[in-house]
Amino acid sequence: MSAAPGSNAAGAFQRVAVVGAGTMGNGIAQTFASAGAEVVLIDVVEPALKKGLATIEKSLAKFAERGKLSAADAQSIFARVKPSTTLQDAKSAELVVEAVVERLEVKRKVFAELDALTPAATILATNTSSISITAIAASTQRADRVIGMHFMNPVPLMALVEIIRGQETSDATTQRVVAASKAIGKTPVEASDYPGFVSNRVLMPMLNEAVFCLMEGVATKEAIDTVMRLGMNHPMGPLALADLIGLDVCLDILEVLHSGLGDDKYRPCPLLRRMVAAGRLGKKAGKGFYDYA
Ligand code: NAD
């Protein structure tokens, strides 16, 4: 677990809203609640919200089984996460972390609504993997209080938060978010606002190349993943990692890299497009390159 449960250590942020309860949103909510914050977890799709809550409950139970948390702490952390299907419930948050789909139009709409309903001092953070923080911030009247807070999957286990300043992000906002990241047990690292920042600029071309290898019959999926695990000491093979991230998310990020950097080396592999078109979105859909049924 990242921080002592119930330690009220979420930096200066005691009331946090997380928008989007999918792969990332539920982990972000769990992490802030584990550090003592009161969290509202918002998703417009009720089944997605239920699934997100169930994932948090399961994850906390696993921490308790392994002796990293007491059963009572797991329960009190879970009780600090309040589910909601309306953005209105973000209105008293000091920090909002957005984790909806990787589409600029959707994020801009969410940020414009958050800007209208939250107090002026509230910091609006986005967990985007690749989209310009500056472009998202431009949909608000508070670009100085908009920032990228890019968590890694699975959030409760991964140490890194990539912190991305937009063009107008203030020093005060950055300092507060860096401090809050440390207070929830993460290691913040700053990157500039260019497509994919550091993490996905480096990671996604490798995942995409693995899909090209599969498409071209260079090797089987198991062989490709084994080469990278045993040969490069990666904890997971690239195709299994793409399944974990979500193939739709990988495709969206590659599109942003391709259009934002204008270089064909970022073109998404046609097999990746075909997998997404078929609904084989990876682990969250029960099937991707591998089956998870
Ligand atoms: P996801 O598809 O698992 O979840 C997105 C959730 O957002 C869905 O439950 C959806 O119902 C909800 N949603 C959509 N529009 C909404 C709205 N207007 N209001 C509230 N909820 C809404 O996606 P994810 O993998 O969790 O990705 C979320 C963000 O995190 C993306 O920007 C992605 O690039 C980024 N990210 C993903 C990963 C990863 O490994 N999957 C890692 C780091 C960052």
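The values are calculated or read from the model by the stated rules, or taken from the named source; none is laboratory data. Because the structure is predicted, anything quoted here is derived from the model rather than measured. Cβ sites come from the backbone with ideal geometry, for glycine too, and all protein chains shown count toward neighbours. Surface areas here come from the heavy atoms of the whole protein model, side chains and all, with no ligands, DNA or RNA. Shrake-Rupley method; radii C 1.70, N 1.55, O 1.52, S 1.80 Å.
For residue 99, are the conditions met, namely being open to solvent by 10 Å² or more (accessible area, probe 1.4 Å), among the small types (Gly, Ala, Ser), modelled with pLDDT of 95 or more and out of contact with any helix residue (DSSP H, G or I) (no Cβ under 7 Å at 6 or more places or on another chain)? For residue 99, the condition - open to solvent by 10 Å² or more (accessible area, probe 1.4 Å), among the small types (Gly, Ala, Ser), modelled with pLDDT of 95 or more and out of contact with any helix residue (DSSP H, G or I) (no Cβ under 7 Å at 6 or more places or on another chain) - is not met. Out of 134, 187, one residue alone is within 25 Å of residue 109 (Cα to Cα) and either assigned by TED's automatic domain parsing to the domain that holds residue 116 or basic (Lys, Arg) (or both). It is 134.
Would it be correct to say that residue 126 is touching an Asp or Glu at 6+ places or on another chain (Cβ under 6 Å) and closer than 29 Å to residue 256 by Cβ? For residue 126, the condition - touching an Asp or Glu at 6+ places or on another chain (Cβ under 6 Å) and closer than 29 Å to residue 256 by Cβ - is met. The set of residues in segment 267-283 being touching a residue at least 60 places away in the same chain (Cβ under 8 Å) and not in a helix (DSSP H, G or I) consists of 268, 269. Could you tell me whether any residue of segment 43-61 is in a loop (DSSP other than H, G, I, E, B), in the same structural domain as residue 179 (by TED's automatic domain parsing), near the ligand (Cβ under 10 Å from one of its atoms) and surrounded by fewer than 17 Cβ atoms within 10 Å (Cβ to Cβ)? Yes.
Within segment 153-188, the set of residues being of a type in the set (A, V, I, L, M) and buried (at least 16 other Cβ atoms within 10 Å of the Cβ) comprises 155, 161, 163, 164, 177, 178, 180, 183, 184. Only one entry of 231, 260 meets the criterion of being more than 19 Å from the chain's Cα centre (by Cα), surrounded by fewer than 20 Cβ atoms within 10 Å (Cβ to Cβ) and within 15 Å of the ligand (Cβ to nearest atom), and that entry is 260.
The set of residues in segment 109-139 being more than 22 Å from residue 175 (Cβ to Cβ), part of a loop (DSSP other than H, G, I, E, B) and of a type in the set (Val, Ile, Thr) consists of 131 alone.
For the criterion of being touching a residue at least 40 places away in the same chain (Cβ under 8 Å), away from the ligand (no atom under 13 Å from the Cβ), buried (at least 17 other Cβ atoms within 10 Å of the Cβ) and under 25 Å from residue 236 (Cβ atoms), residue 129 fails.
Among the residues making up segment 168-187, those that are of a type in the set (S, T, N, Q) and in contact with an Asp or Glu (Cβ under 9 Å, 6 or more places away or on another chain) are 169, 170, 173, 174.
Under the condition of being of a type outside the set (Val, Ile, Thr) and within 16 Å of the ligand (Cβ to nearest atom), the residues counted in segment 10-42 number 12. The residue pairs whose first member lies in segment 242-266 and is aromatic (Phe, Trp, Tyr), whose second member is surrounded by fewer than 21 Cβ atoms within 10 Å (Cβ to Cβ), and whose beta carbons are closer than 8 Å, counting only pairs six or more residues apart or on different chains, are 266/205; 266/258.
In segment 7-26, the qualifying residues are those that are part of a loop (DSSP other than H, G, I, E, B), touching an Asp or Glu at 6+ places or on another chain (Cβ under 7 Å) and at pLDDT 95 or above, and the one that is farthest from residue 57 (Cα to Cα) is 14.
Provide a single number: the residues in segment 76-90 that are loosely packed, with under 14 Cβ neighbours inside 10 Å and part of a helix (DSSP H, G or I). Talk me through it step by step, then tell me what you get.
Here is the first cut: in segment 76-90, the residues loosely packed, with under 14 Cβ neighbours inside 10 Å are 79, 86, 88.
Still in the list and also part of a helix (DSSP H, G or I): 79, 88.
Residues that pass the stated criteria total 2.
Residues of segment 137-152 that are buried (at least 20 other Cβ atoms within 10 Å of the Cβ), under 22 Å from residue 246 (Cα atoms) and not small (Gly, Ala, Ser): 149, 150, 151. Residue check: residue 140 meets all listed conditions (1) more than 19 Å from the chain's Cα centre (by Cα); (2) within 11 Å of the ligand (Cβ to nearest atom) but one, namely (2).
Is it fair to say residue 120 is open to solvent by less than 20 Å² (accessible area, probe 1.4 Å), more than 11 Å from the ligand (Cβ to nearest atom) and either in contact with a strand residue (DSSP E or B) (Cβ under 6 Å, 6 or more places away or on another chain) or on the phi < 0 side of the Ramachandran plot (or both)? Answer is no for this residue.
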